[in-house]
Amino acid sequence: MSDKIKVGIIGCGGIANGKHLPSLKTQFDRLEIVAFCDIIKERAVKAAKEYGTPDAKVYTDYREMLQDPSIQTVHVLTPNVSHCELTCAALLAGKDVICEKPMAATPADAKKMLDARDKSGKILTIGYQNRCRQDSLALKKLCDEGALGEIYYAKAHAIRRRGVPTWGVFPNKALQGGGPLIDIGTHSLDLTLWCMNNYKPRSVMGASFQKLGPYLEPGNQGNMMGVWDPKTFEVEDSAFGFVTMENGAVIVIEASWALNTLDTSEAMTELCGTKAGADMKDGLRINKIVADKMTTMKLDTATPKGVDFFPGAAVPAPVYECQRFYDAVEGKGTPVVKPEEAYVVTQILDAVYRSAETGKLVEF
């Protein structure tokens, strides 16, 4: 019997085939995928043929899969509202878990996942792979070194002009819990909080809009991902939040799938500190104000050249995320994302939605 780490997959759709399975394939020297589960059996069968061991098993019921004691790790790759149920079950079955972002659709569900992690003693991490990009790691290093000073204002950018996903269940509110805010806004907020190293929100004011998604007919959409059905567009097409942290710092969140703007950027953060500022819109720009010996001021712009612990841009972010998770499983480090951090992201996103619905400030 092979001594490689045995992996189980729950959810064999787009994120599995686009991110996790290709990344896992790069780690086949130390792991093998022995189980595939999906409510659509054909998807699990297809994934098993392409990525599984010759005797890989296929399931349509995750509970049956989790009864296999040989499975050591599980990837939860399903719609947002099911993350909690599946992750908790896998943890309590004795499996280490990487769950796709966002952690959960609600803070209550995210808290249940933390409790299951604590009760089981197993590893839990959340799939925020944008932390693993070369520019993200370089920016984080600068922040940790204090190059920006105290970061007191930030923007979390996740703006598409026309980028509505036309596959899976993205516009389905019951299964996803929301639209672009919980889908792509979650990435930019995660990057922002991580770089600031600030996870203590005090209050949130939010607004969301459904102005284009249900109303633009196919001939007028101009969507880069193909035509969406206005009749099934149940979520917001844009959302915005204003977050005040306990220390007085402020974060502005911008998220859209459809918005009439040319100023677009996704999974990016902009940081303003007492010593310098940084934004990621063109890869990564560091703008630093320097006073010389006279009384004049000049703008010093520099671009970092990567970081020591992430050599070369040839390693894709999802692969690095996968490497770090399995290093942790082998007892050789920690995953990229602490679930406690992802929990705060979920709390803030939920507060934006609640504020947008009530028109009132949400206080923590």
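The values are calculated or read from the model by the stated rules, or taken from the named source; none is laboratory data. Since we're looking at a predicted model, the values are computed, not measured. As a convention, Cβ positions derive from the backbone with ideal geometry for all residues, glycine included, and neighbour counts pool all protein chains shown. Heads up: the accessible areas ignore ligands, DNA and RNA and are worked out on the full protein's heavy atoms, side chains in. Shrake-Rupley method; radii C 1.70, N 1.55, O 1.52, S 1.80 Å.
Only the Cβ atoms of Lys and Arg (+1) and of Asp and Glu (-1) were treated as charged; on that basis the dipole of the chain about its Cα centre amounts to roughly 300 debye.
Of the residues P339, A48, A328, the one whose Cα sits farthest toward the positive end of the charge dipole of the chain, with +1 on the Cβ of Lys and Arg and -1 on the Cβ of Asp and Glu, is A328.
Once all protein chains are placed together, F209 keeps about 80 Å² accessible to a 1.4 angstrom probe. Note on region 56-120: with neighbouring protein chains present and a 1.4 Å probe, carbon and sulfur make up 50 percent of its accessible heavy-atom surface. Take K25: with every protein chain present and a 1.4 Å probe, its accessible area is about 110 Å². Across K41, K4, the residue with the most accessible area heads the list, and the full order at a 1.4 Å probe is K41, K4.
Rounded, prolate or oblate for region 1-134? Axes are the square roots of the Cα gyration tensor eigenvalues, ordered a ≥ b ≥ c, and the cut-off for rounded is a/c under 1.5. Cα axes put region 1-134 in the rounded bin. Using a probe of 1.4 Å, the accessible surface attributed to R161 totals some 100 Å² when neighbouring protein chains are kept in position.
Protein heavy-atom surface of region 319-363, 1.4 angstrom probe: 45% of the accessible area is carbon and sulfur, with nucleic acids and ligands not counted. Using the 1.4 Å probe convention, the accessible area of region 158-231 works out to 43 Å² per residue with neighbouring protein chains retained.
Taking all protein chains together and a 1.4 Å probe, the residues E32, E330, E246, E100 rank E246, E330, E32, E100 from largest to smallest accessible area. The lysines whose alpha-carbon is closer than 22 Å to the alpha-carbon of K19, local same-chain residues fewer than 8 away aside, are K4, K6, K41, K46, K49, K57, K95, K101, K338. If you run the Gaussian network model on the chain, springs between alpha carbon atoms under 10 Å, then out of L92, L31, L216 the most flexible one is L216.
For region 1-152, the solvent-accessible area with a 1.4 angstrom probe is 41 square angstrom per residue. Taking a ≥ b ≥ c as the square roots of the Cα gyration tensor eigenvalues, region 109-218 comes out oblate, since a/c reaches at least 1.5 and a/b does not exceed b/c.
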